[in-house]
1. Measure nothing but the geometry: give the 0 to 90° angle between the long axis through the Cα atoms of 15-28 and the longest principal axis through the Cα atoms of the chain, rounded to 10°.
2. When the dipole is taken about the Cα centre of the chain, and only Lys, Arg (+1) and Asp, Glu (-1) are charged at their Cβ, what size is it in debye, to the nearest 20?
3. How far apart, in nm, are two points set 7 Å out from the Cα along the Cα-to-Cβ line at Glu66 and at Arg6?
4. Report the FRET efficiency, 1/(1 + (r/R0)^6), for Asp52 and Asp14, where r is their Cβ-Cβ distance and R0 is 25 Å, rounded to 0.05.
5. Toward the positive end of the charge dipole of the chain, about the Cα centre and with charges on Cβ (Lys, Arg +1; Asp, Glu -1), which of Thr70, Leu11, Pro53 goes farthest?
6. Helix-only estimate, please: 222 nm mean residue ellipticity of the chain, summing -39500 (n - 2.57) across DSSP H runs of length 4 or more and dividing by its residues, to the nearest 500.
7. Residues in the stretch 1-31, backbone N under 13 Å from the label point at Arg43 (7 Å along the Cα-to-beta-carbon vector): list them, ranges by number please.
Amino acid sequence: MAVLLRGVAELPLDPDASRRIGVLLGVCGLADVVDASLIDSARSGDEILTSDPDALATLASAARKELVITPVTT
């Protein structure tokens, strides 16, 4: 886990990002702010590991970002 976290950037949720995230959630009919903030901060081509690939794929599609979404089990 420590090795994985070295490659993770921590980004603040400023008012502009918060608005984008809210709009993205509204468009998708979803409510998970963490998932939406992850998609908002991701760049096309990024790989995201998740236990909820369907929700992240929905958010990525709505945000028009081409991401590699890799399912993991918890």
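1. The helix 15-28 is inclined about 80 degrees to the chain.
2. Dipole magnitude for the chain comes out near 140 debye.
3. Each label point lies 7 Å from its Cα, and together they span 3.0 nm.
4. Numbers: r = 25 Å, r/R0 = 1.00.
Efficiency computed from Cβ-Cβ geometry: 0.50.
5. Of Thr70, Leu11, Pro53, it is Leu11.
6. Numbers: 4 runs with 38 residues, N = 74.
For the chain, the value works out to -15000 deg cm²/dmol.
7. Taking a point 7 Å out along Cα→Cβ of Arg43, the residues of the stretch 1-31 whose backbone N falls under 13 Å are 9.
Every read-out reported here was derived from the displayed coordinates using simple, explicitly stated rules and does not represent laboratory data. Keep in mind it's a predicted model, so treat the numbers as computed, not measured. All Cβ positions, even for glycine, are placed from backbone atoms using ideal geometry, and neighbour counts span all protein chains on display.
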